[in-house]
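Below is one structure, written out as structure tokens; the observations come after it.
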């Protein structure tokens, strides 16, 4: 399975996140899965790549040309396949189309934007792939509470909660991805809140 990991590029984060994501990605590779990611060499993107490499997995990276040209962030140098895109939008689309499933590890603005794009596309029936959070040290507790607040206040259909899952243990997360069966809930159900 080709698994896309979305996560922080920041190198300033607590090392506990780096250690956890390296271990997650190593386990992913040892289970026979490959990595699709944003080709960053630092933060949790770099951790995902290093862990995958350590586990013997295949790494497919996508990064906009301007990251290289403007030196915006380190690019992971040991991708098995690296594609330069013309824009951030093209990068996201390439990752979304290439991946069979998505894992969201702790991240900032870009990571949240990537999550909300893939869940919006799933809500609209554009894909039916598994989406899972790896909630290290409760990082996504507040986001999960906000998702429930959105549905409680009718800004999101409660059925949308079934489009993703949150895990604190890697084994449970991989079991979910490996046994995932899409339910093909119609977009009309996922788009409309209850009266």
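Relative to the first principal axis of the alpha-carbon coordinates of the chain, what is the inclination of helix 109-123, with its axis defined by its Cα atoms, in degrees from 0 to 90 and to the nearest 10? With rounding to tens, the tilt is 50 degrees. Measuring spread by the Cα atoms of the range 2-191 yields a radius of gyration and Dmax of 15.9, 46 Å.
Working note: Cα atoms of the range 1-77, range along each principal axis, descending, whole Å: 36, 26, 17. GNM on the chain, alpha-carbon springs under 10 angstrom: the most fluctuating residue among 35, 82, 24 is 82.
Summary value for the chain: 20 percent relative contact order, contacts being C-alpha pairs under 8 angstrom separated by 6+ residues. Antiparallel versus total DSSP beta bridges in the chain: what percent is that, nearest 5? Bridges in the chain that DSSP calls antiparallel: roughly 5 percent. Per-residue Cβ neighbour counts within 10 Å put 5, 59 in the sequence 59, 5, beginning with the fewest.
If R0 equals 30 Å, the separation of the Cβ atoms of residue 171 and residue 12 corresponds to a calculated FRET efficiency of about 0.55. Once the Cα atoms are used to define both axes, helix 15-30 deviates from the longest principal axis of the chain by about 90 degrees.
Rounded to the nearest 10 degrees, the angle from helix 43-54 to the longest Cα principal axis of the chain is 70 degrees.
Bear in mind that the values in this text are calculations on the coordinates, not laboratory data. Since we're looking at a predicted model, the values are computed, not measured. Using ideal geometry, Cβ is built from the backbone for each residue, glycine included, and neighbour counts are taken over all protein chains shown.
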